[in-house]
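**Student:** Dumping the structure here so I can ask a few things about it.
The values are calculated or read from the model by the stated rules, or taken from the named source; none is laboratory data. None of these values were measured; they are calculated from a predicted model. Positions of Cβ are backbone-derived with ideal geometry, glycine not excepted, and every protein chain shown enters the neighbour counts. To get the accessible areas, we keep the full protein, side chains included, count just its heavy atoms, and leave off ligands, DNA and RNA. Shrake-Rupley method; radii C 1.70, N 1.55, O 1.52, S 1.80 Å.
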Amino acid sequence: MSLTVDENKALIEEVLKAYPEKTAKKRAKHLGTFEDGKPDCGVKSNIKSLPGVMTIRGCAYAGSKGVVWGPIKDMIHISHGPVGCGQYSWASRRNYYIGETGIDTFGTMQFTSDFQEKDIVFGGDKKLEKIIDEIEVLFPLNKGITVQSECPIGLIGDDIEAVSKKKAKEYVGKTIVPVRCEGFRGVSQSLGHHIANDAVRDWVFDKVDPNKNAFESTPYDVAIIGDYNIGGDAWSSRILLEEMGLRVIAQWSGDGTIAELENTPKAKLNVLHCYRSMNYISRHMEEKYGIPWVEYNFFGPTMIEKSLREIASHFDDTIKANTEKVIAKYRGMVDEVIAKYKSRLQGKKVMLFVGGLRPRHVIGAYEDLGMEVVGTGYEFGHNDDYQRTTHYVKDGTLIYDDVTGYEFEKFVEKVQPDLVGSGIKEKYVFQKMGVPFRQMHSWDYSGPYHGYDGFAIFARDMDMAINSPVWGLAKAPWKKAA
Amino acid sequence: MPQNVDKVLDHENLFREPEYKAMFDNKRSQFEFRVPAEELAKQIEYAKTWEYREKNFAREALTVNPAKACQPLGAVFAAVGFEKTLPFVHGSQGCVAYYRSHFSRHFKEPTSCVSSSMTEDAAVFGGLNNMIDGLANTYNLYKPEMIAVSTTCMAEVIGDDLDAFIKTSKQKGSIPAEFDVPFAHTPAFVGSHITGYDNALQGIIKYFWDGKAGQGTALTRIPNESINFIGGFDGFVCGNLPEIRRMLDLMGVEHTILCDPSDVWNTPTDGEFRMYDGGTTKAQVEAAINAKATISFQGYSTEKTMKLIKEHGHETASFHHPMGVTGTDAFLMKVSELTGKPIPKELELERGRLVDAIADSQAHLHGKKFALYGDPDLMLGMTAFLLELGAEPVHVLSTNGDKEWADKVQALLDASPFGKNCKAYPKADLWHMRSLLFTEKVDFLIGNTYGKYLERDCGTPLIRLGFPIFDRHHYHRFPIWGYQGGLRVLTMLLDEYFEALDANTNGIGTTDYSYDIIR
């Protein structure tokens, strides 16, 4: 059972006592409890993090280079500025792809302008030009370049747009995309997603020759939007859409290519998984090209079934019939997975703190296994995320927006969940406390978790986390007795 | 249908199933518009040539797969080495998320660190308010005994003045006037993570020795018999510093380790999260001014720090990550020379055992060719150890090593018959290394986790030594310093050699005559 609304209130009050008054007042707005019938979760969101509190959030660069652009595999993404940003985000998000790395694909490489003091003083535009020239010599099969701005770029007044235009002209028709995703912009990764989406609009869609990479359209063309193929998620999703009889013409952006981005305006329907990071471009395509979009959720059989039918509802009876066949085909395997793991996981309590869509999207998968999510929160969610969350959470769920290290530790101490799902920075804190943990950004180096194939892995992983013998060893036997 | 409850397929097998393979082929042929196979094959081969290597080395602006990180990462490393100290990085918050993730992926431990979360308004008006509020929040929430401040490139570009900001914060009552807040400016566009370690450590020592940034009195040195030890930025710190302590204890040398994160990055799982654990205490830092001498194990990682210490009258000695027999000999002899204490029998015995192990195994490493990359100090130490084993360090590369470093490596190589045809490559990256490995082949590669891409591309087996190591567990818990550490590194080299030999001879009925049971 989760705590009651009153118990949550008392807990939040208790936690806020540690803060200076001014900070406590601000943080109070981000902490709350979901109550049945309310239109949102009762918390403020998408507001600046307070200094010194140990926010879990990242920056706009992380949202653009790390999330949206980085996985486009046949383009070279320059981390433009000092060496660190590109180094820390190098290949760490597990955006799986297929291709010859360093030859025609570049996903797990770190290209940086490695700014030195002279670049700060004199500006980096000349260096950027030279970098693009050198890329063309050493990596001639690249299909385009993006310039991912780090903090100094916007501060020193570099004109990366001018450089990009100049070089695009020089290398006839080359796609070169300047992205103003300096880390100090906005309050979190979220603005980086938006800026990256806008860059696709302005520097890909608005510049592409419509006859380039032409193919015959079909009435069943869809694009997967907002799946970064972490551990292969987009693949275990795509396979289901194809089995339904749909034709997936693009993946945004996990295992994606520039040609797929360019051809997406030909889709009949955009199916959107991570609403937070790619709703912007979906709305744009709806307005400009008249492409409808539908949100879906491929975590756990209940939500998968619902989503497959929802997607099918946009198509003809053949697709709808196929969809029922797909659901029936996987039903047996899924029932076996649930039969095996539910008895081991029934009633276990989970607390989540993740980004994007996961603080709500994974709840159904846990519930399919008989588990209960008693607390959840978003690293960089907006109010529309918290509104969507109301469809997933139960009355009395503890909600924490942009949680601080201190708050999260105290909440877990008090609520005593059987599992915490969050990120690498949180993992070891809770494991030290003896609380089972799964990383829910990287799938803890496992996955995929999307789709039916992913659900089997998800269930197995949650079981291995919670039911590992190691948790019984945390207390020394001679101390247990005392 | 590939998935089955009795045998759940993970990603590495799931996507090899026929359904997925067909899906990939379909995606590629219909939607990806990739370069034609012929063109691809041509470029794959071309990138292995001398001609490509020359173009690659002619690069002046582009860096590809560097083996270095930025200053503030090193500053955070230095800060967590002090008791109950919370690192506070002034600037954009995303940086701190990155440092924390980076260290946690390597050590498999929590890393606590806060940011002043500067955004657009701070870019315009400066980050003073972020500092004032940030220090107050950190102080109240996490109850540190010291907050060590460093900077991201954002704060450096706009020119925020840490000294003034911290003083103003104290005046505004954000933290008590007497609360210790040492600081260091650590611009990411100068040097690398080892520079940041150096700046931050120097900042902390200077703060305590030279009168707490004008808010106290400078300490007067009354020399005693103890020595200080500084390890430098070191991914194996959890194993290495306890080993140093053990050796110095065996010698009966009174010592202080300045900056010791070996406990906080090595806490138990026993039901309690320790945000702070171990570390050099403030009292130890203050007392350290009285030490007779200070030894740095990594000179490039401590240039400014050692200069400061020398200016305070200490005898100083800077090593370059000494390893193996002669490296450890030189270190112990220096300790003995500085303290007058003899090297005890126990350490002589350990030395003899390492020599014994090398004698047992040297035939397998003699004349084997190695490529290695990493921080400049580690490269010097490892090069010397390889030469001592009769191996050939053919390519020695460092992204954050300069020309002067390369000359030092070259001098080592020139002084040994095994260093013939070997070369140092300063300010080079792993894409340079790729060309080296294709054009001048070696038997083994030594480097951090990112070397696995070179292992895949060039077929050169990788021995993981350096930072970060993300894809193997627990290496950092074992020492690579001292005679014991020498044994560990020797074993790692041999393991990889034997694995490679077995893999090369296990063809059933074809090559397995050499698949020997005794090696």
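**Student:** Any of B:LYS48/B:LYS369; A:LYS29/B:LYS167; B:LYS68/B:LYS441; A:LYS143/A:LYS165 with alpha carbons more than 21 Å apart? Name them for me. The partial results should precede the final answer.
**Tutor:** Numbers: B:LYS48/B:LYS369 19 Å; A:LYS29/B:LYS167 31 Å; B:LYS68/B:LYS441 24 Å; A:LYS143/A:LYS165 16 Å.
Cα-Cα > 21 Å for A:LYS29/B:LYS167; B:LYS68/B:LYS441; rest within.
**Student:** Express in whole angstrom the spacing between the alpha-carbon centres of the stretch A:1-67 and the stretch B:304-329.
**Tutor:** Centre-to-centre distance over Cα atoms comes out at 48 Å.
**Student:** What order, most packed first, do the peptides A:187-200, A:151-164 have when packing is the mean number of other Cβ atoms within 10 Å of each residue? Spell out each step's value before the answer.
**Tutor:** On the way: A:187-200: 25.1, A:151-164: 20.5.
Sorting A:187-200, A:151-164 by mean packing, highest first, produces A:187-200, A:151-164.
**Student:** Same structure again: For peptide A:154-160, how many partner chain Cβ atoms fall within 10 Å of a residue's Cβ, on average? Write out the running numbers ahead of the final one.
**Tutor:** Values: counts 4, 7, 1, 0, 0, 0, 0.
If you average over the peptide's residues, the count of other-chain Cβ atoms is 2.
**Student:** With just the Cα atoms defining each centre, how far is the stretch A:161-214 from the stretch B:5-58? Give it in Å.
**Tutor:** 26
**Student:** For A:SER217, put the label point 7 Å out on the Cα→Cβ axis and report which residues of the stretch A:262-286 keep their amide N under 20 Å from it.
**Tutor:** Under cut-off, by backbone N: A:262-272, A:281-286.
**Student:** Still on this structure, I have one more. Taking only DSSP H segments of four or more residues, each worth -39500 (n - 2.57), what value at 222 nm results for the protein assembly as shown once the sum is divided by all its residues, to the nearest 500 deg cm²/dmol? Let's see the in-between values first.
**Tutor:** Values: 41 runs with 446 residues, N = 1001.
Roughly -13500 deg cm²/dmol at 222 nm, from the helical runs in the protein assembly as shown.
**Student:** Please give the peptides B:331-339, A:139-147 ranked by average Cβ packing (other Cβ atoms within 10 Å per residue), highest first, as a rough proxy for protection.
**Tutor:** Sorting B:331-339, A:139-147 by mean packing, highest first, produces A:139-147, B:331-339.
**Student:** What dipole magnitude, in Debye to the nearest 20, does the stretch A:142-188 give about its Cα centre under +1 on Lys/Arg Cβ and -1 on Asp/Glu Cβ? All intermediate terms of the calculation are to be shown ahead of the outcome.
**Tutor:** On the way: 8 positive and 6 negative charges, 60 e Å.
The calculation lands at about 280 debye.
**Student:** What does the charge dipole of the protein assembly as shown about its Cα centre add up to, to the nearest 20 debye, if the Cβ of each Lys and Arg holds +1 and the Cβ of each Asp and Glu holds -1?
**Tutor:** Numbers: 114 positive and 134 negative charges, 197 e Å.
For the protein assembly as shown, the charge dipole is close to 940 debye.
**Student:** If you take each beta carbon of peptide B:96-109 and count the beta carbons of other chains within 10 angstrom, what is the mean?
**Tutor:** The per-residue average across the peptide is 6.
**Student:** For chain A, list the DSSP H helices whose alpha carbon atoms reach 27 Å or more along the long axis and whose average Kyte-Doolittle value is 0.5 or above?
**Tutor:** On the way: long enough: A:317-345 (40 Å, -0.48).
Passing helices, by number: none.
**Student:** If you keep only loop residues by DSSP, which trypsin sites (Lys or Arg not before Pro) in the stretch B:175-250 have at most 15 other Cβ atoms within 10 Å of their Cβ?
**Tutor:** Working: sites: B:LYS206, B:LYS212, B:ARG221, B:ARG245, B:ARG246; in loops: B:ARG221.
Within the stretch B:175-250, the qualifying trypsin sites (Lys or Arg not before Pro) (loop, at most 15 other Cβ atoms within 10 Å) are B:ARG221.
**Student:** Okay, moving on. Enumerate the residues in the stretch B:287-308 having an amide nitrogen under 12 Å from the point lying 7 Å beyond the Cα of B:ASN224 toward its Cβ.
**Tutor:** Label zone hits: B:287-292.
**Student:** Among B:432-438, A:74-80, B:319-325, A:464-470, how do they line up from the highest to the lowest mean number of other beta-carbon atoms within 10 Å? Present the calculation step by step, with values, prior to reporting the outcome.
**Tutor:** Working: B:432-438: 22.9, A:74-80: 26.9, B:319-325: 24.6, A:464-470: 13.4.
The packing order, highest mean first, is A:74-80, B:319-325, B:432-438, A:464-470.
**Student:** Report, to the nearest whole %, how much of the accessible area of the stretch A:165-304 belongs to carbon and sulfur atoms, 1.4 Å probe, protein only.
**Tutor:** Details: 2170 of 4110 Å².
Of the solvent-accessible surface of the stretch A:165-304, carbon and sulfur hold 53 percent.
**Student:** How large, in percent, is the carbon and sulfur part of the accessible surface of the stretch A:354-482 at a probe radius of 1.4 Å? Don't jump to the answer; show the numbers that get you there.
**Tutor:** On the way: 1970 of 3640 Å².
Exposed carbon and sulfur together represent 54 percent of the surface.
**Student:** Taking the Cβ of B:GLU254 as the center, what net charge do the other residues with Cβ under 14 Å away carry, scoring Lys and Arg +1 and Asp and Glu -1? Numbers along the way, then the final one.
**Tutor:** On the way: positive: B:ARG245, B:LYS292, B:LYS341; negative: B:GLU225, B:ASP249.
Once all neighbours under 14 Å are counted, the net charge is +1.
**Student:** Apply the a/c threshold of 1.5 to the C-alpha gyration tensor of the stretch A:81-180 and tell me whether it is rounded, prolate or oblate.
**Tutor:** Values: a/c = 2.01, a/b = 1.22, b/c = 1.65.
Note, shape of the stretch A:81-180 comes out oblate.
**Student:** Which one of B:LEU62, B:ALA47, B:GLY81 is farthest out on the positive end of the charge dipole of the stretch B:1-120, using unit charges on Cβ (Lys, Arg +1; Asp, Glu -1) and the Cα centre as origin?
**Tutor:** B:GLY81
**Student:** Could you pull out every one of the lysines with an alpha carbon less than 27 Å from that of A:LYS320, ignoring same-chain neighbours closer than 8 positions?
**Tutor:** Output for A:LYS320: A:LYS266, A:LYS268, A:LYS306, A:LYS329, B:LYS21, B:LYS27.
**Student:** Could I ask something else about it? So which lysines can B:LYS55 reach, going by Cα to Cα under 18 Å and dropping same-chain residues fewer than 8 places off?
**Tutor:** Cross-link targets: A:LYS127, A:LYS130, B:LYS42, B:LYS427.
**Student:** Kindly identify chain B as rounded, prolate or oblate by the Cα gyration tensor criterion: order the square roots of the eigenvalues as a ≥ b ≥ c, call it rounded if a/c is under 1.5, otherwise compare a/b with b/c, prolate if a/b is larger, else oblate. If you can, show how the numbers build up before the last one.
**Tutor:** Working: a/c = 1.85, a/b = 1.28, b/c = 1.44.
Oblate shape, in that a/c is at least 1.5 and b/c is the bigger or equal ratio.
**Student:** Considering Cα pairs under 8 angstrom that are at least six residues apart, work out the relative contact order of the stretch A:143-239 and quote it in whole percent.
**Tutor:** Reported as a whole number, the value is 23 percent.
**Student:** Sequence neighbours fewer than 8 away in the same chain don't count; with that in mind, list the aspartates and glutamates whose C-alpha is under 13 Å from A:LYS475.
**Tutor:** The qualifying aspartates and glutamates are B:ASP270, B:GLU272.
**Student:** To the nearest hundred square angstrom, how large is the accessible surface buried between A and B, total for both chains, probe 1.4 angstrom? If you can, show how the numbers build up before the last one.
**Tutor:** Details: alone 20330 and 24160 Å², together 34990 Å².
Buried: approximately 9500 Å² between B and A.
**Student:** In the neighborhood of B:CYS238, defined by Cβ-to-Cβ distances under 11 Å, what is the net charge if each Lys or Arg adds +1 and each Asp or Glu adds -1?
**Tutor:** Numbers: positive: B:LYS108, B:ARG477; negative: B:GLU109, B:ASP234, B:GLU243, B:ASP260, B:ASP263.
That sum, taken over residues with Cβ under 11 Å, equals -3.
**Student:** By how many nm would the segment from B:ALA41 to B:ASP6 lengthen if fully extended, with 0.36 nm per residue of separation less the alpha-carbon distance? Before the final figure, lay out the partial values.
**Tutor:** Numbers: separation 35, 0.36 × 35 = 12.60 nm, distance 4.07 nm.
Once the chain is fully extended between B:ALA41 and B:ASP6, it gains 8.5 nm.
**Student:** If you don't mind, another one. Once you place label points 7 Å from the Cα toward the Cβ at A:THR4 and B:ILE517, how far apart are they in nm?
**Tutor:** 7.3
**Student:** Report the Cα centroid-to-centroid distance between the stretch A:416-482 and the stretch B:439-505 in angstrom, as an integer.
**Tutor:** Using only Cα atoms to place each centre, the spacing works out to 30 Å.
**Student:** Follow-up question, since we're still on this one. Enter the mean number of other protein chain beta carbons within 10 Å of the beta carbon of each residue in A:428-437, as an integer.
**Tutor:** Mean partner shielding for this stretch: 5.
**Student:** Run the numbers on chain B and let me know its relative contact order in percent, using alpha-carbon pairs under 8 Å that are six or more apart.
**Tutor:** Values: 937 pairs, mean separation 78.8, N = 519.
Once divided by the residue count of chain B, the mean separation gives 15 percent.
**Student:** Working out 0.36 nm times the residue gap between B:ARG28 and B:GLU348, then minus their Cα-Cα distance, what length gain in nm do you get to one decimal?
**Tutor:** Details: separation 320, 0.36 × 320 = 115.20 nm, distance 6.30 nm.
Answer, rounded to one decimal: 108.9 nm.
**Student:** Tell me, what is the FRET efficiency for A:ALA162 and A:ARG344 to the nearest 0.05, using R0 = 60 angstrom and their Cβ-Cβ distance as r? Write out the running numbers ahead of the final one.
**Tutor:** Values: r = 60 Å, r/R0 = 1.00.
Working from the Cβ atoms, E equals 0.50.
**Student:** On to the next question. Keeping every protein chain present and rolling a 1.4 Å probe, give me the accessible area per residue for the protein assembly as shown in Å². List each step's numbers first, then the result.
**Tutor:** Working: 34990 Å² over 1001 residues.
Value returned for the protein assembly as shown: 35 Å² of accessible area per residue.
**Student:** Between B:GLU404 and A:ASN383, what is the label-to-label distance in nm when each label sits 7 Å out along the Cα-to-Cβ direction?
**Tutor:** Here the answer is 5.8 nm between the modelled labels.
**Student:** Still on this structure, I have one more. Around B:PRO223, what is the net charge, scoring Lys/Arg as +1 and Asp/Glu as -1 over all other residues with Cβ under 11 Å from its Cβ?
**Tutor:** Details: positive: B:ARG221, B:LYS292; negative: B:GLU225, B:GLU315.
Value of the local net charge: 0.
**Student:** Taking square-rooted eigenvalues a ≥ b ≥ c of the alpha carbon gyration tensor, is the stretch B:146-213 rounded, prolate or oblate, where a/c under 1.5 means rounded and, failing that, a/b exceeding b/c means prolate? Write down the numbers at each step before the final one.
**Tutor:** Details: a/c = 2.69, a/b = 1.39, b/c = 1.93.
The shape class here is oblate.
**Student:** Taking R0 as 56 Å, what's the FRET efficiency between B:PHE57 and B:GLU17 from their Cβ-Cβ distance, rounded to 0.05?
**Tutor:** Working: r = 43 Å, r/R0 = 0.77.
Once rounded, the FRET efficiency stands at 0.85.
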